[in-house]
Amino acid sequence: MAAFSRRCAIRPVPWDVLGVVALGGALGAVLRHGISVLLPHRGFPWATLLTNVAGCLAIGVLMYVITELVQAHRLVRPFVGIGVLGGFTTLSTYVVEGLGLAERAPALAALYLVGSVFACLGAVLLGLLGSRSVAESLRRR
């Protein structure tokens, strides 16, 4: 039991990491708000769907780039991955809008909720594989 408690002890997070996550989160939230202003909710949550799919595509690209292509600074992943993309994408709005849609159009809500999950997973995969493909074709040149 003592080994388990040592392994699972909560370690303090360095202030620089907290700072870049907070800064990135604020930036991502402002970007998400901008998209919601450009695409107002008119019966279907297009802005949330677009935001989440675009954010998932970006996380696929980011993870490939910083794990396979470059030696990134230790604050890049917390800033971009957790901060910007975490603030940009939104699970809570997805759920709230899905529930609101379910009250008006249950079948459309089910399609939106399930389709969003598959679209986002596909976007991560597309970002990862697309980045790999681009990198490999550039290497061959």
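Remarks
- Sum of side-chain charges, His41 neighbourhood, beta-carbon under 15 Å (Lys, Arg +1; Asp, Glu -1): +1
- Going through (i) 59, 44, 25; (ii) 44, 32, 26; (iii) 53, 49, 32, the figure that equals Cα extents along the principal axes in Å as computed for the structure here is (iii).
- For segment 1-82: rounded, prolate or oblate by the Cα gyration tensor [a/c cutoff 1.5]: prolate
Readers should treat all values here as calculations from the given coordinates under stated rules, not as data from a laboratory. Bear in mind that the values here come from a model prediction, so they are computed numbers and not experimental data. Neighbour counts run over all protein chains shown; Cβ positions are idealised from the backbone, glycine included.
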